[in-house]
Every structure is written in structure tokens, then in C-alpha cells.
Number of protein chains: 2
Amino acid sequence: MAESMKGMHRSHRCAEVTEREIGAKVTLMGWVQKSRNKGGIIFVDLRDRTGVMQLIFENGSIDGEGFEKAGKLRSEFVIAVTGTVERRSGAVNENLATGTMEVRVEYLRILAEAETPPFPIEENSKTKEEIRLKYRYLDLRRPDIQRNLMMRSQVAMLTRQFMAREGFLEIETPMLGKSTPEGARDYLVPSRVHPGSFYALPQSPQLFKQLLMCSGYDRYIQIARCFRDEDLRADRQPEFTQIDMELSFVDAEDVMDVNERLLAYLFREVLAVDVPLPIQRMSWQEAMDRFGSDKPDLRFGMELVNVSEVVKGCEFAVFKNALELKDGSVRGINAKRQGGMPRKKIDKLVEFAKGYGAKGLAYAAIQEDGTLKSSFAKFMKEEEMTALVTAMDGQPGDLLLFAADRNKIVWNVLGALRLELAGEMGLLNKNEYRFVWITEFPLLEWSDEENRFMAMHHPFTMPMEEDWDKIDTDPGSVRAKAYDIVLNGTELGGGSVRIHQNDIQEKMFEVLGFTKEQAWEQFSFLLSAFKYGVPPHAGLAYGLDRLVMLMAQEDSIRDVIAFPKVKDASCLMTQAPAPVDGKQLEELAIAVCSREE
Amino acid sequence: MAESMKGMHRSHRCAEVTEREIGAKVTLMGWVQKSRNKGGIIFVDLRDRTGVMQLIFENGSIDGEGFEKAGKLRSEFVIAVTGTVERRSGAVNENLATGTMEVRVEYLRILAEAETPPFPIEENSKTKEEIRLKYRYLDLRRPDIQRNLMMRSQVAMLTRQFMAREGFLEIETPMLGKSTPEGARDYLVPSRVHPGSFYALPQSPQLFKQLLMCSGYDRYIQIARCFRDEDLRADRQPEFTQIDMELSFVDAEDVMDVNERLLAYLFREVLAVDVPLPIQRMSWQEAMDRFGSDKPDLRFGMELVNVSEVVKGCEFAVFKNALELKDGSVRGINAKRQGGMPRKKIDKLVEFAKGYGAKGLAYAAIQEDGTLKSSFAKFMKEEEMTALVTAMDGQPGDLLLFAADRNKIVWNVLGALRLELAGEMGLLNKNEYRFVWITEFPLLEWSDEENRFMAMHHPFTMPMEEDWDKIDTDPGSVRAKAYDIVLNGTELGGGSVRIHQNDIQEKMFEVLGFTKEQAWEQFSFLLSAFKYGVPPHAGLAYGLDRLVMLMAQEDSIRDVIAFPKVKDASCLMTQAPAPVDGKQLEELAIAVCSREE
């Protein structure tokens, strides 16, 4: 029943037909979106990746055999038609680029028939994601997903073009690499030639790109697949794609400069959105103090206020105890016009805060008459409460929320709460794009678990010169030449200037508690490369999936990945991973065993 | 000792300085190629990826401290200099783009010192490849390798730009897929979440790209990493890169058209070589008959001549027996002006032929006086020999070589011999690029081992309409809509039109000896996708490594891959693959066992 295309050549894709073609003959090919017989005329919506064109089949315009064939068309049949473009006789469809036209078909071939799909091929599908992912090849026909993948292709292409103009070379680094004990869990690949040995799939091309700088390639870019065998959260995939770059003979400002121009270029070309340059810089400390987050969403205010000084004499035990802690503070946010929030909803916010590590949440709702409904006013003197409300710029109708604990927890709780409230208050406008660079990150992070300092980024991150003299006396206060680019509260990418001086690198390893031998064991070929003349260098990497997700205004990265995996890291369409032939394992000299062994 | 760049900004890369800059101040950064003190003036060749610039340090132009520092410079030190561009006072170096200029340095910083590298950083290195690969980060500094990787980056970029203009979308397909029993050996990746299950790394994105056509993406391209766990030959790597594409609503001619325009574009832009279009088409049968190969090198003649008819009555047992075989023939090549080849060298050719499956090689050297020195003339009548020489267009001084066996062996032997002789005779000009499309491949190939027909490309390859009626009576004679693009005797890429009709696909599986259940087990999601409306589609894939190797006129793909692996699939630099932590294996629920178990 499937006819061949022999002798037929597509002249246009559906939405490539413009009003200039009215009166002309065109040959279109695509899928039947829908088909209906209305008063002896058959109307068919023909769909391809560009859009939809209405076809009309009328006995006389097409011969009897053709008309009969048209009567058999059902959704998702693949057809080829030749006909004449006409101005639409019926109502114009303003939702379609081709909505003023239709094609009067003179010739029809059915290239492939189709069974009824398990769910309708339509925008904003209501079908459960599990079903859609099982039949991903059908889900991928939906126009919204098609737009996303076309945008992704465009973003990758424009990125490469821009970077090529800036002197970057795209260089491919290996996928079959070596496992390193630091970082996330590796995916391993058993070697057949070397029984008992394994390759590891790359978590990022970090070491290779630094080697390329040692090798004099000057500017490197790669849109690289990376792998992490971690338990998946909503916005993670076991394999993901990075826009990865590294530059020689530069400082942090040069990296930020080229990248903000890249972002401005992408947003202008793809979304016609103007990103004003330079993008705002904010130190890590300021971001934490004002927004409780190193990836602040700047689309709205509701900033954190440190009221430690204001409440320091009070008798409220929660505040008092917090202020006695090392790095303890009391901070609040003012949810404007939320003072009338029902008690039940406030209780939910308290529960939400507990999820982020808070022991509780103190609140004060300012009534329209100026009186307070508060969980803690009874422990405070009146003038103390007045001072607190003033410090928070509390107006009648506002809801004040306070967290008291170690700074880390306070920031975490209020940062999350701020976002949660903004969502509820409708302050998150997807059409607004607020970029910010976060800089001057701490170089080190104390790990209670390991009882030592850990590198916040990685052990090759350059400290800031002005802090380096504190590396022995107060290592926690040393800041790094690291930078993250943040968009609307999402970290798009990050990077750092790398250490290229032997003495600083050795000191870093010492502070991190590595012996020289341990350092060499882990980073042997990089440290060895560094002996032979290493240029100053710096780099950055973006998550392409996340970038495109934000540009496409989607909520899940699965909507911008052609064949994504689900939470248990499996593919619902191919059923990967799956058991394999015993012979395959034998060749690899491995055996499956129970985990308890 | 490593100084920072603070306050210095590179103004040019070395070879970006032109004569227009003479008299101007420039700041350059790079590696010391060499340094020498000549009459109190220090000359330094500064190298970066663009080339070399000569620096001169003279006491007075630079202060005393700077001059002293310059005296300490050694090869591979990384330095930053500021100075004035001058016309060279000494001899002009015509090998350098910057050979008429030098930079009189006023300011020097040593950004990094360097130990003496284990081998010199120079073009056409004589150092053993094992050493170079162990220190690949140094090997990658060599200008010839840098040119190769820059060319590779350019080829990839131009390919993407061209394809984007032609309406192709770059879509990423998964690396963590499912193992399929057909094809080469898979690399496996154990799943931690699903103990006993494995992902497989893709041998090619074949199934995914066909699914994307089912999903309506119309034109797909990906520069995709692929993996095959096979024993490596000189021109193979465990991971390699494909330029992979698929098109909907097209026939073979459309695929060939876009690809020959792509190739012409690449060769013009990268090499300034003109590829005349259209590229010659040659059927598989013609290629085998004339060149004994489905990837014929057309840079020279020395074509095969089928002399079966000429010798069919002769008494020479080797010829006689061959002609009695099914598909047996006697064919020869004429090595022009090689009639004086010493007997020893001819014996070597016979041994060479045996390596390709020949039982022997019959030869006749035509002496300058017209007499013959021949291994078999004694078994032939004089008029038979005369007819044979005439059929071979034998002239005094020529060497005629004959193989007699089944066609497959005769082609294989003479095809290889033809290339071998051409190499010896100096007929292979690397500056000549002869492209040819090989078409009309056999659809099926008989496997003695499996005692059944196998798909020559893959089971989705479309048969030629005009042959389809012979699928039951003479399956071996059915040709496929498959095509390979060949350059100078190397297969650059290949592809086919795919079957999109149910009835043809089912028949194909039948001929290949698959039950319907077996077919579904192996290709379930593709066959399932095909039920819901599959467009006619076709595709092609190139080996990017091989393409760049030929364009760079290199003999090994390792010279166009940044971090290649060696024959045992290991990386000499990183020592991958390597044993891993027992804990990692435990988490994956696998154990290493001896292969004999």
C-alpha cells in the first residue's frame, strides 16, 4: 500500500509556502494532522517540521481514484501531494503562518499508512510523560518539542559560529578515559583487551582542556557529552551536554567578557531578547547576604535583611541562641502584601523551611491597622518589635519571616523561601531574563565529614592574590578567581582561573591535606604537563540542556533532549539498560554478582 | 619564579603581526622555541599556535634586569613580552610568515619555566610514536599536529555551517544505549541502578537517526562519537567520529547531490582544491571489474582485464581450473614499463598476492625485443600467448600479471596488487584528489559461515525496484540503493536509501532468515515506530578522522586525533584503561573474573 515518491520532488516545506506562491503549483510531503469530509470536500491538515498547510480534495480538481484515496486518509498517514496554492475560501486561521492559504490537490500519493497512535500528536500534550517517553518517536512529532529541538540545534550552531569568530578551536577529547576517585561517581567501561581494567566516561573534559592549553591551542571549545552516575533529580540526566571552553593568556575578566557577548548574541538571535552588557557582577558574599543564594533570582526583590544587630539584646531564645553560634545570625524577608495569609498557609511555609534545615520560622503579620499577629512578639519588648518592623521596612499588610541559625542554614532557608513565595505571588516572569555573574567565591569549604578543607570548585582554582597571605592563618576567608553565570535563579555555567604556578599549587595540595605522592597519583599527567611550560589559563562550562530549557521556557530538561532518560536512568523507549549475553560478559572477564557479596 | 600577567594584555598572536605593524608596539605571549646569544644580542624564537616571531633582546632596549632574565630563557619557557616591531636586520626567513620582521623587546615576564622536554618540539618529529604519545601534551605542541587539529576544527565547523544552510538540524542522540547482537562488538557500561543490566555505547546513531525521520525532523546531522570494541588496525580507533546524516522525502540522488556539494565546499575552503561536480558515479560491478575494488583509486590506470574468453581453450591447468569454478575467471593487469623487474621482486609480488588469497600469480614480462619471460608460457600455444598479450595491450617493456580463481579472490588479489605496484611506481600523488561514488552494491552477500544471505549494508537497505522481482529466484543478483563515496582508494563514507515499506521489510527479514519474532526482538522500537507513518528516507555517514587524515595528507588517523589510543586500545598518556577501586565494582554489582571460568 506504501507508494514510492519516484518522479515526485518536494518543492516546499509546508510553512515555506508564502502568499507569493498563490496560483503556483507546489509539491508538499508530510503527515496528516487531521482530515475531515465537509459537504463532499475533504479537508486535510498536512504537517511537517515547519508547520501545517491545509489541503483540499474536491472531486474534479483531483480524479476519482485520487479522491477516493483521499477519503481513506487518517491521522499520521504520510502523503505526497501536488496542487495549486489558493487563497483560503473558508475562514482564515490566524494561528497559522499559512492560515490565509490552502492547496487544492491535483495528485496524491500515500507514502505510508499509519496505525492510530497511542496518544494524539498535539501541542501541550496532556498524556502522561511515561507513555510519551515510551513512544518518544511519536512524542517527538509534537510541534512544541520540535520547536525545542530546532532551537537547541540553533543555539549549538550559533555558539560554534560565535566562538570560531573569537578564535576558538573545537577539539574533541576522549570518551574512554580513566577513572578518578574525586568528584561524582563514574560510569565504567570494562576493557576486553585488558581484563580487570576499566575505562571511565568523562564527567567533564576538565583535565584534557587544561592539557590543550599546555599544548598551546590557546582557545578551546567543545560541545561535549558528559556523564555522572548519580541519583537523578528532576533536572539531571546521566548523560548531559556541556558547552566547554578554556582560554590561555587571560584573566577572569576576559572569560566573562567573551561569554557575556556570547549570551547576548544567542538571546538576540534566537529570542530577539536584548541582554544589556556588561552583565552585573556580584560577589558571592553579597549574593548570600542579599538573596541567600549563590544563584540569585534578580527578577524580584524580597531581599534578605540581617537583623542580628536589631535583635541582639532580646530575650527570645531562638534569636538569642542563634546569635551565640559561631557564624550565627537572624535574618528576615518581607513578603509584601502577604500579611493576610491564613495561618494554615503560614504553617506550610514553616514546614517548607524545615525541609531546608531550619528548626522553625518566626513570623510577624502586620495587620492593616498596624497591629501584629506574630509567633514570637510575646517574647519581645514592644520597642524591640517596633525596631524590627522598621528594620524590615514593614508596612501594614506585610508578612515578615525570620530565620535564626548558623548563616549557612539561614541563607539556605530564606533563599528557598524567597523563591517559593515569589512563585506563589506570581513574581516569576518567564519573559524576563536577568543575568548576573557571581564572583569571589570562597576558595575552600570546610567539610565536617572529612574534617578538612575541600576545594569549592576544584584543586586547580586560582586564589585571589589579595587573600593569598591568609592561606595559613585563615584559609576559609581566602577567595577564589571563580565565577558563575546565573540566569533567573539558575546556574547556567561556571568556571575559574586555574593555578599555573608550582608553588601555589603545592600549597593548595597541602591545605587540602594531600601529600605530594597523593597529588601526583591523582593528577599525574596534568602535573607532569605543568612542568614543561604552562601558560596562565582559565575556562568555563555551561550546561547546554539547562540553557536551552530556560530559553525555551520549559520546566524540564527532558523537553529539550531528543531521547532522555527517566529518574532511574533508564530509557523507556529502548529499555536500556538491559541484560546482555553471557558471552559478552565472558569476553570482558566480568561477572554479575549480588551486591551483598 | 612564575610571574603573573597582571596588567599585560596580549595584542596579537605571533603570526597575526603583519608588516603594517612595523614601528608599533605589540605584546606577545607564547613559548620559547629556541634562544641563542650572538654577539651580546639574545635572539629568541617565540612560538604560539599561529607561528613563530623572532624576538631580540639587547641591553639598552631592555633594562639590565630584563636582559639578565632573557639570558635565562630556555626552550618551552612561557613568556610575555612587549616591544616594537621592526624590519629584520639580519637575513629574512622565507619559511616564516613573519620572516621579514622581528620584535625588539622592551619588557619581559617569565610566566612559567620549563624543564627540558623529553624530545624536541619540532615538525616531522623523528621521535618514536610511543614516546610522543606518552607525552602527548608536548607532542601536541608540534606545528604539524597543530595544523592538523586546526584543520579538523575547521572541517567540522564548515560542515555544520553548510549543512545548516541546507536545512539540517543537529540533534544529539544517546551515548548510553542498548546492546544489539548484530554488528561489531559493543562497549558495555554496567548499570548501578539496575544490577545485572548494561548500557552499550553506540556503534553508530543508525536507529536513532531513522527514528528522527519517523518523528518528522526531515534533515538530521550529527558529528557523533561512535565506539567499536574490535581489534585495532592501523587506521582504526576504539572511539571515532562520524559525520552522520539522514534525510526524509529523498532518493539516492538527493543524498549524493548534497554531499558532493559539501565535499566540494570543504575542499575549496580548506585546501583551495577544486572538486569538479558532479562526482563520477560507478556501479559496484564496474568498480570490481575495472579495479578489483569497491573503493577504487582512480589516480592511475592499470585496470584489470578479464581474459577468461581469451584463455578459455588453453591447457594451462591454473587457468583451466579457475574457469571451471562457479564465478571463476582469469584476469590480468599490465604494469607498464615494469618488464625489467628482477625475478626476486616478482617473487615478492607472488608472495604479496598469496597474502590476499591467491594460490599463485602468473606473469609474463615482455622483453624489449618482444620475447616473453613468463611463468606459464610453456603451457600455452604461441598463438594463445599472442592473443593474451594483445588482449592486455602488452608492449615491449611491460609486465603482465594474472590471477585465476573465483572472481572474489581474483578481484581482491589484483586490486591489492594494482595499489602495491602503483606505490612502487610512484603513481600515487597526494596532491591529486579523485572522488568517485560507488553505487548499485549487491543487496545481499552469501555467508559460507552462516550458510545464509547476510545484508551487505544493513537489513533496512532498500533494494533497487528493477531487481526486486528476483528476490526469490536469484537473491544474490538483487542490487541495493546503497552508495559509498571514495577518495583516492579510501572509503570516506557510505549510506543507503532505507526501506520504509512494510511488505519489503518483511520479505527482507525472510530472506535474511529472521523469523518475525526475531526481527521484532532485535529492532522492536524501530519496527514499532514504522507502524505509525514512516517517510521515505535515506542517509549517509562519513568517517571524520579519515576525511581529515586525507585532507591533511597524513598516513595515520592518530595524527588528526588529539588524544588517540594505540593498538591495544590503551592511552599511553593517561594509562586508561586501569584497574579501579573494589568499592566501585561492588556498587555496580560486578566482579572481575578470569576469562577461563
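In whole percent, what relative contact order does segment B:41-123 give with Cα contacts below 8 Å and a gap of six or more residues?
33
Considering only protein heavy atoms, with the full assembly of protein chains and a 1.4 angstrom probe, order B:323, A:277, A:526 by accessible area, largest first.
Listed by decreasing accessible area, they come as A:277, B:323, A:526.
Computing the accessible area with a 1.4 Å probe over protein heavy atoms, can you report the carbon and sulfur percentage for segment B:300-424?
Using a 1.4 Å probe with all protein chains present, segment B:300-424 comes out at 52 percent carbon and sulfur.
Run through the DSSP bridge list for chain B and note the antiparallel percent, rounded to the nearest 5.
90
Can you give the calculated 222 nm mean residue ellipticity of chain B, where each DSSP H run of n ≥ 4 adds -39,500 (n - 2.57) and the sum is split over every residue, rounded to the nearest 500 deg cm²/dmol?
-8500 deg cm²/dmol
Taking 7 Å along the Cα-to-C-beta vector as the label spot, tell me the residue B:371-residue A:432 distance in nanometres, rounded to one decimal.
Distance between the two pseudo-spin positions: 10.3 nm.
Work out from phi, with θ = phi - 60° and the Karplus expression 6.51 cos²θ - 1.76 cosθ + 1.60, the ³J(HN,Hα) of each residue of segment B:187-196, listed in order in whole Hz, and give x for Gly and Pro.
7, 10, 10, x, 8, 7, 6, 10, x, x
Please report the relative contact order for chain B, taking Cα pairs under 8 Å with a sequence separation of at least 6, and give it as a percent rounded to a whole number.
13
To one decimal in nm, how far is residue B:257 from the same spot in the other copies, if labels go 7 Å from Cα toward Cβ? Please give the shortest first.
4.7
List the residues of segment B:198-240 for which accessible area in the full set of protein chains is at least 50 Å² lower than for the chain on its own; 1.4 Å probe, protein heavy atoms only.
B:198, B:199, B:215, B:216, B:217, B:218, B:225
Quick one: what are the phi-derived ³J(HN,Hα) couplings along segment A:23-28, Karplus 6.51/-1.76/1.60 with θ = phi - 60°, whole Hz, x for glycine and proline?
x, 8, 8, 10, 10, 10
Just read off the accessible area of residue B:445 with the full protein assembly in place, 1.4 Å probe, to the nearest 10 Å².
Its accessible surface works out to 80 Å², give or take rounding.
Counting only the heavy atoms of the protein chains, how much of residue B:165 is accessible to a 1.4 Å probe, in Å² to the nearest 10?
150
What net charge is computed for the residues neighbouring residue B:409, neighbours being all others with C-beta under 12 Å from the C-beta of residue B:409, Lys and Arg scored +1, Asp and Glu -1?
Net of charged neighbours comes to +3.
Chains A and B: how much accessible area gets covered up at their contact, both sides added, probe 1.4 Å, in Å² to the nearest hundred?
About 11200 Å² of accessible surface is lost on pairing.
Quick check: with the 1.4 Å probe, what order do A:554, A:94, B:424 take by accessible area, largest first?
Per-residue accessible area, sorted high to low, gives A:94, B:424, A:554.
Percent antiparallel among DSSP beta bridges with both residues in the protein assembly as shown, to the nearest 5?
About 90 percent, rounded to the nearest 5.
Rounded, prolate or oblate, given the Cα gyration tensor of segment A:300-424, with a/c below 1.5 counting as rounded?
It comes out oblate by the Cα gyration axes.
Please compute the net charge surrounding residue A:556, taking Lys and Arg as +1 and Asp and Glu as -1 over other residues with Cβ under 9 Å from its Cβ.
Around residue A:556, the surrounding residues sum to -4.
What figure, in Å² to the nearest 10, do you get for the accessible area of residue B:257 with a 1.4 Å probe and non-protein molecules left out?
Answer for residue B:257: close to 70 Å² accessible.
Using θ = phi - 60° and the Karplus form 6.51 cos²θ - 1.76 cosθ + 1.60, what ³J(HN,Hα) does each residue of segment B:206-222 get, whole Hz, x for Gly and Pro?
My calculation for segment B:206-222 gives 3, 5, 5, 6, 5, 4, 5, 5, 4, 8, x, 7, 6, 9, 10, 9, 8 Hz in order.
Taking the Cβ of residue A:266 as the centre, find all other residues whose Cβ is under 14 Å away and add up their charges (Lys, Arg: +1; Asp, Glu: -1).
Overall, the nearby charge balance is +2.
Using +1 on the beta carbon of Lys and Arg, -1 on that of Asp and Glu, and nothing else charged, what's the dipole of segment B:14-112 about the Cα centre, debye to 20?
For segment B:14-112, the charge dipole is close to 220 debye.
Solvent-accessible area per residue for segment A:300-424 at a 1.4 Å probe radius, Å²?
On a per-residue basis, segment A:300-424 sits at 50 Å².
Taking a label point 7 Å out from Cα toward Cβ, give me the nm distances from residue A:521 to the same spot in the other copies, shortest first, one decimal.
Ordered by increasing distance: 4.7 nm.
For residue A:430, go 7 angstrom from Cα along the Cα-to-Cβ vector, then report the distances to that same point in the other copies in nm, smallest first.
For residue A:430, the other copies' label points sit at 5.6 nm, shortest first.
According to the square roots a ≥ b ≥ c of the eigenvalues of the Cα gyration tensor, what is the shape class of the protein assembly as shown, taking rounded for a/c under 1.5, prolate for a/b larger than b/c otherwise, and oblate for the remainder?
oblate
Under 5 Å between amide hydrogens, which residues at least 5 positions from residue A:169 or on another chain qualify, with H placed 1.01 Å from N in the peptide plane?
A:219, A:220, A:221
Run the quick spin-label model on residue A:447 and residue B:352: label points 7 Å from Cα toward the beta carbon, then report their separation in nm to one decimal.
The modelled label-to-label distance comes out at 6.1 nm.
Where the centre of each part is set by its Cα atoms, how far does segment A:325-382 sit from segment A:262-305, in angstrom?
28
List the residues whose amide H sits under 5 Å from the amide H of residue B:196, counting only those 5 or more places along or on another chain, with H placed 1.01 Å from N in the peptide plane.
B:191
May I ask you to rank B:75, A:556 by accessible area, largest first, using a 1.4 Å probe over the protein chains only?
Greatest to least solvent exposure: B:75, A:556.
Need one word for segment A:335-492: rounded, prolate or oblate. Basis is the Cα gyration tensor (sqrt eigenvalues a ≥ b ≥ c); a/c below 1.5 gives rounded, then a/b vs b/c decides.
Cα axes put segment A:335-492 in the prolate bin.
Would you mind pulling out the separation of the Cα centroids of segment A:388-447 and segment A:50-93, in Å?
First find each Cα centre; the distance between them is then 57 Å.
Pop the C-beta distance of residue A:22 and residue A:253 into the FRET formula with R0 = 60 Å and round what comes out to the nearest 0.05.
0.60
If one computes the Cα centroid of segment A:181-245 and of segment B:215-243, what distance in Å separates the two points?
18
State the percentage of accessible surface on segment B:131-247 attributable to carbon and sulfur atoms; use a 1.4 Å probe and exclude ligands, DNA and RNA.
The value for segment B:131-247 is 49 percent carbon and sulfur by accessible area.
The values are calculated or read from the model by the stated rules, or taken from the named source; none is laboratory data. For clarity, every value in this text was computed on a predicted model and none was experimentally measured. Cβ: placed from backbone, ideal geometry, glycine included. Neighbour counts: every protein chain shown. Note: areas computed on protein heavy atoms with side chains; ligands, DNA, RNA excluded. Shrake-Rupley method; radii C 1.70, N 1.55, O 1.52, S 1.80 Å.
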